[in-house]
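> What follows is a single structure, and I will ask about it in a moment.
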Amino acid sequence: MTLPADISERLSRLALPGQAIIDGARVEAASGATFHNVSPRDGLVLNQVTACQGEDVARAVASARAAFEDGRWRDQGPRAKKKVLFRLAELMERDAEELALLESLDVGKPIRDARNVDIPLAIGTCRWYAEALDKVYGEVGASPVDRLSYAVHEPLGVIGAIVPWNFPLHMAMWKVAPALAMGNSVVLKPAEQSPLTALKLGELALEAGLPAGVLNVIPGLGGVAGEALALSMDVDMIAFTGSGPVGRKLMEYSARSNLKRVSLELGGKSPQIVFADCPDLDAAAEAAAWGVFYNQGEVCTAASRLLVEAPIKEQFLERVVAVAKTLVPGDPLDPETVFGAMVSERQMKTALDYIATADSQGARRVLGGQRARKDSGGFYVEPTIFDRVEADHTLAREEVFGPVLGVLTFKDEDQAMRLANDTVYGLAAGLWTSDINRALRGARRLKAGLVWVNGWDACDITMPFGGFKQSGFGRDRSLHALHKYADLKSVSVTLR
Ligand code: NAD
């Protein structure tokens, strides 16, 4: 298709970042290794990106450690730190169009989402933690008269941030901003599918005045650069968002190295429950469709299980299907597109395999199920809905991380709660009802870190984000995230 003139023009002069940022400089891997960075939009190679290996990671960690120990960032006062983080937010705003284009090209998400959601939220996160950093107070204990005892928050030191590809800049900011706000140094490892905006972020941070070494960005393969970072004896914490299997490895690496702290945000199989007394079926149908199909289903909180009370199941499902039919896969760079490409050929195949499994297990496919736009060379899958999913079907148990919705039916509140909680995950859950008692009861009974009543994903940076059970531990967003990047030190001064 022909792209709008402004996008074609920007595309023609877009510089694709490819080098790591270590100790304030753009560098190649010592070995010279690179990897192909592919765009899911058309399956073509966008650029070659530095593939950091163990020695590059060691160099980045050493640089972060030196920066931390000499206090070039840690010891700056709150005002000075704020100034740099606010400047970084301004620079991201200045380059917002470029960042949005990089994000859309790199992960296949619609440019309108990158423009309206990813980049503004990343900028907002940076500002929020800049504003919050001097609102973190210690405590004074109830000391005897000849003693003063107090507790202070001390930065941890070197933070390894390992982030995923679904919201690359936004997830990076959820970790980088509070970690920097508390005075730490950071080594950021973007996913190999989506390194571009992280590299740009590293450049902008230097332009904003963040001292060299305080934020290093090391693109590379998870099993090489990520593993080396997580096994390092000189990293104090790994802050991770990604898959459960890698989360488990990170805990092992911690045990095998220096017992570094680990925080894990690991996806889910989130239920959205619609009771027959739902106050607004149209709004619930919108939420049911967008809750699972937004970002092509590549969302850790995706509402991938829809639980509907039996009497309204048929009519409600019709409404959900009607909304989903409007989500037609299109070129991510077309500003009209609302549903783009999946991040990689591998992720597309995973989604298609889950669809084949659901077919074979007897669920009833009522929408989609095919690869789309094959001629483009890109990785597109139609929004797909299965009815008559049973609790023991694979689709009810495993995270697809793609545009596939499973619909289950329930008879009463107890069964709804049992089904909702019948999962190893516990990231998000939602319920729609007009009964305030049922809403509040349900909010307590649902085993999830985030619960939404009569809405989906209706919260923001002020609220903690993270999971129960195998969805991980530790919280992003909110003031709680600041505490994650600090240790408490108790000081007692005896008066003589
Ligand atoms: P992943 O967990 O493999 O990758 C996430 C990050 O971890 C990437 O930066 C990757 O390079 C890094 N990594 C991979 N192996 C590593 C290792 N051994 N040591 C250290 N770091 C390592 O996720 P994926 O393969 O890109 O996606 C697979 C599944 O992960 C998805 O299907 C989905 O279930 C889940 N996922 C969840 C989220 C989320 O937001 N919770 C985001 C992306 C993916």
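> Name the residue, out of Gly141, Gly108, Gly160, that is at pLDDT below 95 and not β-branched (Val, Ile, Thr).
On the way: Gly108 fails: at pLDDT below 95; Gly160 fails: at pLDDT below 95.
Answer to the check: Gly141.
> Among the candidates Arg418, Arg364, single out the residue that is touching a strand residue (DSSP E or B) at 6+ places or on another chain (Cβ under 6 Å), at pLDDT 95 or above and not β-branched (Val, Ile, Thr).
Within the list Arg418, Arg364, the selection yields Arg364.
> Turning to a different aspect of this structure: Determine, yes or no, whether Lys374 is surrounded by fewer than 24 Cβ atoms within 10 Å (Cβ to Cβ) and in contact with a helix residue (DSSP H, G or I) (Cβ under 7 Å, 6 or more places away or on another chain).
Taking the combined requirement at face value, the residue does not satisfy it.
> Looking at Asp6, Asp70, Asp23, can you tell me which residue is at pLDDT 95 or above and exposed (fewer than 13 other Cβ atoms within 10 Å of the Cβ)?
From the options Asp6, Asp70, Asp23, the qualifying one is Asp70.
> Considering segment 181-222 alone, what residues qualify as being among the charged types (D, E, K, R) and open to solvent by 10 Å² or more (accessible area, probe 1.4 Å)?
Listed by number, the residues that qualify are Glu192, Lys200, Glu203, Glu207.
> Of all the strands (runs of 3 or more DSSP E) wholly in segment 381-487, which have at least 1 residues that are surrounded by fewer than 24 Cβ atoms within 10 Å (Cβ to Cβ)?
Once the strands (runs of 3 or more DSSP E) in segment 381-487 are filtered for at least 1 residues that are surrounded by fewer than 24 Cβ atoms within 10 Å (Cβ to Cβ), what remains is 384-387, 404-410, 450-453.
> Within segment 319-341, is even one residue farther than 28 Å from Thr2 by Cα and without any contact (Cβ under 8 Å) to a residue 24 or more places away in the chain?
Checked segment 319-341: no residue is farther than 28 Å from Thr2 by Cα and without any contact (Cβ under 8 Å) to a residue 24 or more places away in the chain.
> If a residue counts only when it is in contact with a Pro (Cβ under 6 Å, 6 or more places away or on another chain) and under 29 Å from Arg346 (Cα atoms), which strands (runs of 3 or more DSSP E) contained entirely in segment 1-53 have at least 2 such residues?
Working: elements: 20-22, 25-27, 34-38, 45-50.
Because the criterion is at least 2 residues that are in contact with a Pro (Cβ under 6 Å, 6 or more places away or on another chain) and under 29 Å from Arg346 (Cα atoms), the strands (runs of 3 or more DSSP E) in segment 1-53 that meet it are 45-50.
> Then there is this: Tally up the residues in segment 73-102 that are open to solvent by 30 Å² or more (accessible area, probe 1.4 Å) and not in a helix (DSSP H, G or I), please.
Of the residues in that region, 4 qualify.
> Take the residues in segment 241-252 that are closer than 19 Å to Tyr485 by Cβ and open to solvent by less than 90 Å² (accessible area, probe 1.4 Å), then tell me which one is nearest to the ligand (Cβ to nearest atom).
In the first step, residues of segment 241-252 are kept if they are closer than 19 Å to Tyr485 by Cβ; the result is 241-242, 247, 250-251.
Now restrict to residues that are open to solvent by less than 90 Å² (accessible area, probe 1.4 Å): 241-242, 247, 250.
Details: Thr241: 5, Gly242: 3, Gly247: 7, Leu250: 6 Å.
My answer is Gly242.
> Of (1) out of contact with any strand residue (DSSP E or B) (no Cβ under 6 Å at 6 or more places or on another chain); (2) surrounded by 19 or more Cβ atoms within 10 Å (Cβ to Cβ), Ala358 satisfies all except one. Which?
(1)
> If you don't mind, another one. Taking strands (runs of 3 or more DSSP E) that fall entirely within segment 103-220, which contain at least 3 residues that are more than 16 Å from the ligand (Cβ to nearest atom)?
Strands (runs of 3 or more DSSP E) meeting the threshold: 147-155.
> Within the bounds of segment 86-98, is there any residue that is touching a strand residue (DSSP E or B) at 6+ places or on another chain (Cβ under 8 Å), of a type in the set (Lys, Arg) and farther than 21 Å from Gln347 by Cα?
No - not one qualifying residue is present in segment 86-98.
> Considering segment 224-261 alone, what residues qualify as being farther than 27 Å from Ala33 by Cβ and under 16 Å from the mean Cα position of the chain (by Cα)?
Selection gives Gly244 alone.
Conditions (1) over 27 Å from the mean Cα position of the chain (by Cα); (2) under 22 Å from Lys411 (Cα atoms), marked per residue:
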site	(1), (2)
Cys278	yes, yes
Ala285	no, yes
Ala302	no, no
Val308	yes, yes
Ile312	yes, yes
Glu318	yes, yes
Leu327	no, no
Pro335	no, no
Arg346	no, no
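> Could you please give the count of residues in segment 361-371 that are more than 27 Å from the chain's Cα centre (by Cα), surrounded by fewer than 19 Cβ atoms within 10 Å (Cβ to Cβ) and assigned to a loop (DSSP other than H, G, I, E, B)?
Residues in segment 361-371 being more than 27 Å from the chain's Cα centre (by Cα), surrounded by fewer than 19 Cβ atoms within 10 Å (Cβ to Cβ) and assigned to a loop (DSSP other than H, G, I, E, B): 2 in total.
> Let me ask something else about it. How many residues does segment 223-240 hold that are open to solvent by 30 Å² or more (accessible area, probe 1.4 Å) and of a type outside the set (A, V, I, L, M, F, W, C)?
Number satisfying all stated conditions: 4.
> Moving to a separate point now. Return yes or no: is Val292 within 23 Å of Glu413 (Cα to Cα), away from the ligand (no atom under 16 Å from the Cβ) and open to solvent by less than 10 Å² (accessible area, probe 1.4 Å)?
Spelling it out, it is not the case that Val292 is within 23 Å of Glu413 (Cα to Cα), away from the ligand (no atom under 16 Å from the Cβ) and open to solvent by less than 10 Å² (accessible area, probe 1.4 Å).
The values are calculated or read from the model by the stated rules, or taken from the named source; none is laboratory data. No experiment lies behind these values; they were computed from the predicted model shown. In this analysis, Cβ positions are derived from the backbone assuming ideal geometry, glycine residues included, and neighbour counts consider all displayed protein chains. For accessibility, only protein heavy atoms count, side chains too; no ligands or nucleic acids. Shrake-Rupley method; radii C 1.70, N 1.55, O 1.52, S 1.80 Å.
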